[in-house]
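Some notes on the structure that comes next.
Just so it is clear, none of the values below were taken in a lab; they were calculated from the coordinates. In this text the structure is predicted, and so the values were computed from the model without any measurement. All Cβ positions, even for glycine, are placed from backbone atoms using ideal geometry, and neighbour counts span all protein chains on display.
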Ligand SMILES: [Zn+2]
């Protein structure tokens, strides 16, 4: 049975199996744009997916979360736009090393560029790698951070916090833009008549410019709809709006189970509807988990007890459990309000052996 997520704008797809390198795709329904979280095993993503890709969020640069970036670069090269990459401090240097590992003597003007943003605790530092100029790094701006938001569109925002994994590891929260509905009873009691002005009001709200200019509305006068100019549009909006809960997704990649990380997670992930979280080890291997700065299923149970998301998807199980992965699901003990999402062990067929490849000499009966 497919989960019934409560999202209006977000369509999440976890593009990896339980033991695959992680890769979360989030599609934004209203504008069709795509975001990627971590770049593990990406080679099986359809080319079309990359056409709509605007931004990539990397938790940390351990190989299993970052190595897929080469395939992403390959798919995007001829796409004539700028793609944003967000990651922890040092990610721009790693991108620079990736790109300088290839020859770029055949560049074209229509090639894409990458803007890489290093998310520090108090600042975001950006570098640009312009494809038409062979991806030579240009250091860009440093902006100060006064909140957790690192990326925003009219339909969603992405927030980031830093956790410890012996190195910095970013965790992400994706919030839908606040939703509202028009109070029809209120509309009637104010003698307002629905019309295209309601669409304009919504457009302004999504653009964050409710009060930019007066708005012509329709009011009921002598039984007829007549235009009326409203100066205080913010007040009108406040009267008509019924707000709906803001839905969100949490993504926690590799972290250790320190007191500090737990505190950060409890504050940052409170109220998420869908949570993705690494669960690399089973409880019996708790010592091994903590020694390698990862989580085990017992740690996950404590997180779930506190956060109570509607849905939880455990990911990134150690390959050493590939024959006993069902034990993970039996060890998870979520609160009654949380449903566990189960995914296959791997989502692509296993790699082939040489003997499984068939080939033949081309046979041409004409000759
Ligand atoms: Zn790691």
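In the chain, what percentage of the DSSP-assigned beta bridges are antiparallel, given to the nearest 5?
Details: 50 of 75 bridges.
So the antiparallel bridges in the chain amount to around 65 percent.
Let me make sure I get this right: for the stretch 156-265, a, b and c are the square roots of the gyration tensor eigenvalues over alpha carbons, sorted descending. Under 1.5 in a/c it's rounded, otherwise prolate if a/b > b/c, else oblate. Which is it? Could the numbers behind the result be given before it?
On the way: a/c = 4.79, a/b = 3.55, b/c = 1.35.
Note, shape of the stretch 156-265 comes out prolate.
Would you mind checking the tilt of helix 297-307 against the longest principal axis of the Cα atoms of the chain, expressed as 0 to 90 degrees and rounded to 10?
Once rounded, the angle reads 0 degrees.
Measuring from the lowest to the highest alpha carbon on each principal axis, how far does the stretch 120-161 reach, largest first, in angstroms?
Projected onto its principal axes, the Cα set of the stretch 120-161 covers 33, 25, 14 Å.
Please work out the Kirkwood hydrodynamic radius for the chain, using every pair of different C-alpha atoms, and report it in angstroms with one decimal place. All intermediate terms of the calculation are to be shown ahead of the outcome.
On the way: mean 1/r = 0.0430 Å⁻¹.
It works out to 23.2 Å.
Just 219, 280, 264 to compare: in a GNM of the chain, with alpha carbon springs under 10 Å, which one fluctuates most?
In the Gaussian network model the winner is 219.
Return the percentage of antiparallel bridges among DSSP beta bridges fully within the stretch 212-346, rounded to the nearest 5 %.
On the way: 7 of 19 bridges.
About 35 percent, rounded to the nearest 5.
Hey, can you rank 68-77, 207-216, 24-33 by average C-beta count inside 10 Å, highest first?
Numbers: 68-77: 18.9, 207-216: 12.9, 24-33: 16.8.
Top of the packing list down: 68-77, 24-33, 207-216.
Compute for the stretch 1-118: radius of gyration divided by Kirkwood radius, i.e. Rg/Rh, restricted to C-alpha atoms, rounded to two decimals.
0.98
Provide the descending list of Cα extents for the stretch 282-323 along its principal axes, expressed in whole angstroms.
Result, largest extent first: 29, 21, 15 Å.
Residue 43 to residue 212: FRET efficiency via 1/(1 + (r/R0)^6), r the Cβ-Cβ distance, R0 51 Å, to the nearest 0.05?
Details: r = 46 Å, r/R0 = 0.90.
Taking R0 as 51 Å, the efficiency between residue 43 and residue 212 is 0.65.
Taking 37 °C and 0.692 mPa s as the conditions, I'd like the Stokes-Einstein D for the stretch 179-244 in µm²/s, using the Kirkwood hydrodynamic radius from alpha carbon pairs.
On the way: Rh = 12.0 Å.
Roughly 273 µm²/s, to the nearest whole number.
When the chain is treated as a GNM, springs tying every alpha-carbon pair under 10 Å, which of 179, 160, 46 comes out with the largest mean-square fluctuation?
Among 179, 160, 46, the largest GNM mean-square fluctuation belongs to 46.
Which ordering of 268, 363 is given by a fewest-first count of other beta-carbon atoms within 10 Å? All intermediate terms of the calculation are to be shown ahead of the outcome.
Working: 268 18, 363 6.
Placing the least packed residue first, the sequence is 363, 268.
Report the relative contact order of the chain, percent, no decimals, based on alpha-carbon pairs under 8 angstrom and at least 6 residues apart.
Values: 708 pairs, mean separation 47.6, N = 367.
After rounding, I find 13 percent.
At each listed q (0.12 Å⁻¹), what is the log10 of I(q)/I(0) that the Debye formula gives for the stretch 63-131 modelled as equal alpha-carbon point scatterers?
-0.31
Give me the distance in nm between label points sitting 7 Å out from Cα along the Cα-to-Cβ direction at residue 203 and residue 185, one decimal.
About 3.1 nm separates the two model spin labels.
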